[in-house]
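The values are calculated or read from the model by the stated rules, or taken from the named source; none is laboratory data. Everything quoted here is computed from the prediction, not taken from an experiment. Every residue, glycine as well, gets a Cβ built from its backbone with ideal geometry; the counts of neighbours run over all protein chains shown.
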Amino acid sequence: MKNVRIYFKKLGRMKFVSHLDMTRVMSRLIKKSGIPVWYTEGFNRHIYMNFALPLSLGFESVCEIMDIRLNDESFSNEETLEALKSVCPPDIEFFAVCDPVKPTKEIGFSEYKLEFDEIDSKMSTALNEFFARESVICEKVGKKGKVKEVDIIPKIHTHSIDGNVITLTLVAGSEDNLNPTLVMDTFFDNTGIIPTFYTVLRTAILDKSGNEFE
Amino acid sequence: MEVKNFERLLLSVQKPGRYSGGEINSVIKDKEKVDVRFAFCFPDTYEIGMSHLGIKILYSQFNSRDDIWCERVFAPWTDFETVMRENNMPLFALESRDPIKDFDFIGFTLQYEMAYTNVLNMLDLAGLPIRSQDRGDNTPIVVAGGPCACNPEPLADFIDIFFLGEGEEVDLEVIDLYKECKKNGKTKKEFLRAAADIEGVYVPSLYNIRYNQDGTISEITPKDGVKTTVKKRIIKDMDSVYYPDKFVVPFIEIVHDRVVQEIFRGCIRGCRFCQAGFIYRPVREKSLETVNRQAKCLCESTGYDEISLSSLSTSDYTEIEPLLNKLLSWTDPQNISLALPSLRIDNFSDELLEKIKHVRKSGLTFAPEAGTQRLRDVINKNVTEEEIIETCKTAFSGGYTSVKLYFMLGLPTETDEDLKGIADLGQKIVDTYYSMPNKPKGKSVSVSISVSTFVPKPFTPFQFEPQITETEIRRRQEYLKSQIKTRKISLSYHDSSTSFLEGVLARGDRRLGKVLETALKSGCRFDSWSECFDLQKWLDAFNANGIDPNFYANRLREYDEINPWEHLDYGVTKSFLVRENQTAHGEKTTPNCREKCSGCGAACYGEGVCFEKR
């Protein structure tokens, strides 16, 4: 038995597929691909899959990571990639299969690009002023509906504005995670700038030292 | 609409995956290279429509032809409908996102009466006039099929063509005729007239209905020399008929999210309340080899890990055990589970239980339908209490601890005694569990009793029967509730007003068209969804059009009355239905098709169980 790490892009129409639905989609693609995948041995046997960092509904990504296990250790990563490529729908793109270097709990940050129709000078100034604050407390609704107060500023690792695109590197992982939507909602709430529509693309998953997660 | 704007709107509604398209195995073609574009519409949500086998079959079959591009359309949920109307977004097909008003055909499948307002709403959302007579030459041909097409009269004013019976052959014959008419520059009217000569095609505008003073029908007359009766179509050879080699695999979870493998059509049983048991006659099976090959192929092309065998009564498949053995030989090693819905109590053997135990264990469901032997004889549900108890014993000793039982309330001749029988049967099952020395240790038993309301349907022996009134439905539900004395039994029942409306529409005639139109205008849609259904709006719609709904639902119909569906022929003769109705009132059963032929008329098709050796 061996673990393999699968890298894929989730684009276009796939952005409307939630994380839970994504697990079902992946399990079918893997089954269809015929790779010698390992099944859990519990009461309800299913394909073992571990998604590094769930992606919110509506976001696109060029760097999704999923770990699975193979029964056959001699089955090469190239073979796995080819098999997956042969079954994927248009808006999922498998682009690499590697041996995992670090466990997913080592994930520290995630980079997002937020594209607006227009970022005018007023909004741009407000953004710079907002990111420069020492602390911004906002209310975050947890999984069980519990509301807790968090300071988002320390969780924003880097930020930049280029034309109509905001690039944010935010704390990410299973222990602590900041969603770019929460950053923007808080920004609009705090500054009185009128909210406008933007698309979100995840561009990188980084480890705790800020290097590419492998 | 530009992609970005479209996606922005999608992100503002619940479950955008319902409308995004792009699923695995969905079919994309070059619209310039096809002759016919067909919008296959299911008048309910994506999750329900995508679970339906008929749409899967016809979608793949149409698309197997290079000259046709068939796309899927589902009823947008109310939140998305609001967004669409606010943004002037016409109803579109999932694959191309093109407006369906520019297609050649718009086809609806009519699975239940409560979806009728959704049919009209979808036409309206498409930007088309809902009445056939208001749609000009350059608008799509609106067609409809499915079980409700056996009495399509309430929709007669809105649909150009109804297909009676199974669609695999007749649909394509009509499409071919359409291509020819288009090439020769024929008008829509000329096309419809020509289509009416194809067997199984019913063009409602070519039939005239006249009424008596008392509101019943006096005469149904064909116009322009079309046939006087329209006969349903069936597929004669189930092994050679088209079956998909792939299903569209949805991204979001749907109701039946698995491979559905059809094993036969029709049912030998002839339960007298069951419309499917009559309109799909005669029984025709697929061979074991065909079933096995098709199921395997579908698993490979979809990646599903579950197969459900589909038919009206799975255990009546002549080779059920050899089939299960064959399937298990490859499903087991591949971690694919088998589901066997529609099992009957009387032939549910130890071996069969052993086989399904092999796979994932879900609850056991039985449908005794009535609480006493007398009433089960009336409805011809030939199972005995002893068989039910025996089966439960088998199941309990096999480790099952929960049993679900389906019953109907309001069946013809039903008394309070019969209702008490439902509660008593539940109690006996609970007692049986506790009397067993080898029951699963340390576990309690749960019996859920689900009670629906009987709705008399066309082409059944009960088509003549009055439906009990809403008030009476509620009284009987209360009475039944009072008879249940243990918490091991849970009881659930259907909303009485939905059943009433279903009863009206099921045996309705053309005069209900204007009621549907009024109901639509007052906001009725998704009537099978309790959060949307509003009986008062419907009662107002009946009232506004001077129509008494009780006339359709609660009246005893004489045997010689001309029913709204009298000109439609489903093989089963009216004289047989009359005979069966009389036998029912005599509390006598009728043997199933394999025991003895009862001469229902379906043998006219020259195929199936009617010609098996007995």
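In this entry, B:V255 is excluded by the filter for residues that are of a type in the set (A, V, I, L, M), in contact with a Lys or Arg (Cβ under 8 Å, 6 or more places away or on another chain) and within 30 Å of B:S20 (Cα to Cα).
For A:L29, the requirement of being within 14 Å of another protein chain (Cβ to nearest Cβ) and closer than 25 Å to B:L10 by Cβ is met. Quick check on A:R202: is it more than 20 Å from the chain's Cα centre (by Cα) and touching a residue at least 12 places away in the same chain (Cβ under 8 Å)? No; evaluated as a whole, the condition is false for this residue. The residues in the stretch B:263-292 that are charged (D, E, K, R), in a loop (DSSP other than H, G, I, E, B) and more than 17 Å from the chain's Cα centre (by Cα) can be counted, and the count is 2.
Would you say B:R293 is at pLDDT 95 or above and over 30 Å from B:P333 (Cα atoms)? Considered against the rule, which asks whether it is at pLDDT 95 or above and over 30 Å from B:P333 (Cα atoms), B:R293 comes out as no.
A count restricted to the stretch B:286-312 and to residues that are more than 14 Å from every other protein chain (Cβ to nearest Cβ) and surrounded by 22 or more Cβ atoms within 10 Å (Cβ to Cβ) stands at 5.
Conditions tested, residue by residue: (1) farther than 27 Å from B:K439 by Cα; (2) in contact with a Leu (Cβ under 8 Å, 6 or more places away or on another chain); (3) modelled with pLDDT of 85 or more; (4) surrounded by fewer than 20 Cβ atoms within 10 Å (Cβ to Cβ).
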site	(1), (2), (3), (4)
B:L352	no, yes, no, yes
B:G363	no, no, no, yes
B:P368	no, yes, yes, no
B:K404	no, yes, yes, yes
B:E414	yes, yes, yes, no
B:L419	yes, yes, yes, no
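Looking at the stretch B:510-593, the helices (runs of 4 or more DSSP H) lying wholly inside it that each contain 1 or more residues that are assigned by TED's automatic domain parsing to the domain that holds B:Q275 sit at B:574-585. Of all residues in the stretch B:1-13, those satisfying the criterion of being part of a loop (DSSP other than H, G, I, E, B) and either more than 14 Å from chain A (Cβ to nearest Cβ) or under 13 Å from A:G58 (Cα atoms) (or both) are B:M1, B:L11, B:S12, B:V13. Scan the stretch B:14-32 and tell me whether some residue there is assigned to a helix (DSSP H, G or I) and away from every other protein chain (no Cβ under 14 Å). So far as the stretch B:14-32 goes, yes, one or more of its residues are assigned to a helix (DSSP H, G or I) and away from every other protein chain (no Cβ under 14 Å). Scanning the stretch A:79-137 for residues that are assigned to a loop (DSSP other than H, G, I, E, B), within 14 Å of chain B (Cβ to nearest Cβ) and of a type outside the set (G, A, S) yields A:V87, A:C88, A:P89, A:P90, A:D91, A:D117, A:E118. Could you tell me whether any residue of the stretch B:205-226 is in a loop (DSSP other than H, G, I, E, B), within 14 Å of another protein chain (Cβ to nearest Cβ) and either without any contact (Cβ under 8 Å) to a residue 60 or more places away in the chain or crowded, with 18+ Cβ neighbours inside 10 Å (or both)? No: the stretch B:205-226 contains no residue that is in a loop (DSSP other than H, G, I, E, B), within 14 Å of another protein chain (Cβ to nearest Cβ) and either without any contact (Cβ under 8 Å) to a residue 60 or more places away in the chain or crowded, with 18+ Cβ neighbours inside 10 Å (or both).
The residues of the stretch B:438-467 that are aliphatic (A, V, I, L, M), touching a Gly at 6+ places or on another chain (Cβ under 6 Å) and in a loop (DSSP other than H, G, I, E, B) amount to a single one, B:V455.
Could you go through the stretch B:275-284 and let me know if any residue there is surrounded by fewer than 19 Cβ atoms within 10 Å (Cβ to Cβ), free of Cβ contacts under 8 Å to residues at least 12 places away in the same chain and either within 14 Å of chain A (Cβ to nearest Cβ) or not aromatic (F, W, Y) (or both). Within the stretch B:275-284, none of the residues are surrounded by fewer than 19 Cβ atoms within 10 Å (Cβ to Cβ), free of Cβ contacts under 8 Å to residues at least 12 places away in the same chain and either within 14 Å of chain A (Cβ to nearest Cβ) or not aromatic (F, W, Y) (or both). Check B:V248 against each of (1) in contact with a helix residue (DSSP H, G or I) (Cβ under 9 Å, 6 or more places away or on another chain); (2) more than 14 Å from chain A (Cβ to nearest Cβ) and name the one condition it does not meet. Condition not satisfied by B:V248: (2). Scanning the stretch A:37-51 for residues that are more than 10 Å from every other protein chain (Cβ to nearest Cβ), surrounded by 14 or more Cβ atoms within 10 Å (Cβ to Cβ) and farther than 12 Å from A:T23 by Cα yields a count of 1. Just one of the numbered conditions (1) within 9 Å of chain A (Cβ to nearest Cβ); (2) part of a loop (DSSP other than H, G, I, E, B); (3) among the charged types (D, E, K, R) is not true of B:D44: (1).
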